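S.K.: Below is one structure. I have some questions about it.
The values are calculated or read from the model by the stated rules, or taken from the named source; none is laboratory data. Nothing here was measured: the structure is a model prediction, and the numbers come from that model. Every residue, glycine as well, gets a Cβ built from its backbone with ideal geometry; the counts of neighbours run over all protein chains shown. Note: areas computed on protein heavy atoms with side chains; ligands, DNA, RNA excluded. Shrake-Rupley method; radii C 1.70, N 1.55, O 1.52, S 1.80 Å.
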Amino acid sequence: MPDHKMYCYTCQSDEQHRRLTAEEKVYLKNRTGRKSVEDVFMCTAPNCRNLRTGFNKHPFDPVIRLPLPD
């Protein structure tokens with residue numbers, strides 16, 4: 001699936017976002033307790049990795065950023 005240009009709450013600008021990988025989905029489910037994270041996107045701007053849903057630019061309070069992969 002191609003990246004999507006969406007507003008990033010952390011960057012405060014429109015940035016490219018991508019869907020989460022399988023490993024990232026497991027991490028987010030464990031962190032939030034949500035049953036489904038299929039609607040979550042990650043900002044791909046350098047040093048950001050902020051998460052948002054397709055319709056909500058600030059769904060997590062405080063902001064959740066994915067850790068860098070090992």
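S.K.: Would you please list the contacts, defined by Cβ atoms under 6 Å and residues six or more apart or on different chains, that run from a residue in the stretch 36-59 that is under 10 Å from Arg18 (Cα atoms) to a residue that is among the polar types (S, T, N, Q) and open to solvent by 70 Å² or more (accessible area, probe 1.4 Å)?
M.R.: Thr44/Gln16
S.K.: Out of the stretch 3-24, which residues are of a type in the set (Val, Ile, Thr) and surrounded by fewer than 17 Cβ atoms within 10 Å (Cβ to Cβ)?
M.R.: Thr21
Let's see how each residue does on (1) at pLDDT 95 or above; (2) within 12 Å of the chain's Cα centre (by Cα):
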| site | (1), (2) |
| --- | --- |
| Met1 | no, no |
| Gln16 | yes, yes |
| Asn30 | yes, no |
| Val40 | yes, yes |
| Arg49 | yes, yes |
